[in-house]
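**Q** I'd like to ask you about the structure that follows.
Coordinate-derived values only; no laboratory data. What you see is a predicted model; the values in this text were computed from it and never measured. Glycine gets a Cβ as well: all are built from the backbone with ideal geometry, and neighbour counts include every protein chain shown.
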Amino acid sequence: MAITFKDLIKLWGMPDNQKVIDLDLSVGRISTDSRTIEKGDFFVPLVGNKFDGHDYLDMAFDIGIQAAIVSEKFNGLVPTNLPHWVVPNTLYAYQQIALLHRRKLNLPVVAVTGSVGKTTTRELIRAILSPLGKIVSSRGNENNDVGVPKTLLRGLETDAAFVLEMGMRGFGQIERLSRVAEPDIAVITNVGQAHIGILGSRENIAKAKSEITSNLRSDGVVIIPFGDNLLEKALLEKWSGRIVRVSIEGFSLNLLGRNDEHFAFKDIEPDYISQIDMNNNFMFFEGSKFKLPLEGKHNAMNFLLALTVATELGLSINNLDQLKINMPTGRNRLVDCGQYLVLDETYNASPESVIASLELLVSKPGRHFAVLGTMLELGSESISLHQKVLKRAVELGLAGIVFVSCGEESNIIKKILKELPNYDVVRTPRDAALSLLPWLSPGDNVLIKGSRKLELEKVLPYLQQ
């Protein structure tokens, strides 16, 4: 099912600088990275703010690429005898190729988005679907305009399904990704406050997340947590197909005590209701009992979403006790530092995810400490959201918090943290570690969580020493 030159001619017509081409010949591996080009590749030079892949056309030609795409804005010379297509936008052309490949393979595509929990849910779905065969899943940060097509192009005829993560920082981005992937199943983990500084409100965030249904196949399904009326309203404007709602008894989506649910949907009921036993780490779903693969109520919801995906695909889910979850560094990672147990959540932070992590922290026996950091991209809501998160931390009875600040919230944070036995506000991860270490005793638990920019993973080596 490889993409052939005939396929590309259907997209863009005959190439320029044409030499004799076997139309049924595979175009080869699709490459966008000049550092890894190999002989026989098809080169797609992408253009960014600080780079232009066209600068490497000559080098790619010398290596032996078969053909390439060239932007109509490129003013340089294309190597003589290199078959190429001139297109308005090489990134869009790259996405066209990925969509063509997706259609030729015709494998089930599961797309996942949400304010928090995207990566965890993606990995849970990948693990649960693994009995079907090899699952092609997003890696690392492959959740954007380049990463999603890159993941699709890794697919082979022998694979069983795709699981794609879709991120966004504004309107229109998830819509483009949905157009590239044409999902069969879309999962929206939640609608939180992440990126509210860019989009302005949870209502707008819900609208942006619901764009995942833009190219959801007409017989497809969108799976969401039950009880988010803003998301229900946004989906009502976008999607007329099936919606499957899931719920956990006693689980609240509203970790921040919001009061913005202005829209009532009284006739809607959950399609799947599960129960969890957090003391023994079990979930009960559709008459079966499952060991929770990750700790925390928020991860139980992610697991429920993944179980629902498998159910919708008709997969038997009777034996899931040996799930292998490959969580990326800085997400849902428990690190035994000998004297201390560390919950490593250093990859990123949003208000809801910090509170969920704090609640998981205090469920562990012993004293509880946290190194927290500024949550970015919260806009005018930043101060109030930091206040809500830290007040919740105080309510949970932490023994101490070091806050790494990169904003103007330091004085307000100090006022809240004064209620704790130990507190400090610092500027760097090193300073955070130096403040924290004198407080700790063997058997203590530490959460480390902040926005990516703060690099709070640099605290961990001090605890491991």
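**Q** When the helix-only estimate is applied to the chain (DSSP H runs of n ≥ 4, each -39,500 (n - 2.57), divided by the residue count), what is the mean residue ellipticity at 222 nm, nearest 500 deg cm²/dmol?
**A** -9000 deg cm²/dmol
**Q** Let me ask something else about it. For a quick protection proxy, order the peptides 197-205, 31-39 by their average other-Cβ count within 10 Å, most packed first.
**A** Packing order, densest peptide first, comes out as 197-205, 31-39.
**Q** Answer rounded, prolate or oblate for the stretch 61-218, using the Cα gyration tensor with square roots of eigenvalues a ≥ b ≥ c: rounded when a/c is under 1.5, else prolate when a/b is larger than b/c, else oblate.
**A** It is oblate, given that a/c is not under 1.5 and a/b is not larger than b/c.
**Q** Too long at a 31 Å Cα-Cα cut-off: which of Lys364/Lys418; Lys134/Lys453; Lys104/Lys233?
**A** Lys134/Lys453; Lys104/Lys233
**Q** Same structure again: Which percent of the Cα-Cα distances in the stretch 79-148 go past 17 Å?
**A** That fraction is 58 percent.
**Q** How about the stretch 93-181: which GluC sites (Glu not before Pro) there lie in a loop by DSSP and see at most 16 other Cβ atoms within 10 Å?
**A** Passing sites in the stretch 93-181 are Glu157.
**Q** Now for a different question. Any chance you could run the full-extension gain for Met14 through Cys337? It's 0.36 nm times the residue separation minus the Cα-Cα distance, nm to one decimal.
**A** 110.2 nm
**Q** Based on the alpha carbons, how large is the Rg to Rh ratio for the stretch 285-331 when Rh follows Kirkwood?
**A** The Rg/Rh ratio comes out at 0.96.
**Q** Scan the stretch 355-445 for trypsin sites (Lys or Arg not before Pro) in coil per DSSP, keeping those whose Cβ has at most 10 other Cβ atoms within 10 Å, and list them by number.
**A** Lys418
**Q** While we're on this one: Please work out whether the chain counts as rounded, prolate or oblate from its C-alpha gyration tensor, where a ≥ b ≥ c are the square roots of the eigenvalues and a/c under 1.5 means rounded, while otherwise a/b larger than b/c means prolate and anything else oblate?
**A** Prolate, since a/c reaches 1.5 and a/b exceeds b/c.
**Q** If you don't mind, another one. Show which lysines lie in cross-link reach of Lys238 when reach means a straight Cα distance below 23 angstrom and same-chain residues fewer than eight apart are skipped.
**A** Lys118, Lys207, Lys209, Lys266
**Q** On full extension of the chain, what length is gained from Asp219 through Glu72, given 0.36 nm per residue of separation minus the C-alpha to C-alpha distance?
**A** 49.1 nm
**Q** Among Asp336, Asp267, which comes first, then next, by fewest other beta-carbon atoms within 10 Å?
**A** Asp267, Asp336
**Q** For the stretch 107-312, just say rounded, prolate or oblate: build the C-alpha gyration tensor, square-root its eigenvalues into a ≥ b ≥ c, call rounded for a/c under 1.5, and beyond that prolate if a/b exceeds b/c, oblate if not.
**A** Note, shape of the stretch 107-312 comes out oblate.
**Q** Further question: What whole number of Å gives the distance from the Cα centroid of the stretch 182-214 to the Cα centroid of the stretch 370-447?
**A** 28 Å
**Q** Nearest 5 percent is fine: what portion of the DSSP beta bridges confined to the chain is antiparallel?
**A** The answer is about 20 percent antiparallel.
**Q** Then there is this: Determine the dipole magnitude for the chain: charges of +1 sit on the beta-carbon of Lys and Arg, -1 on that of Asp and Glu, nothing else is charged, the reference point is the Cα centre, and the result goes in debye to the nearest 20.
**A** 360 debye
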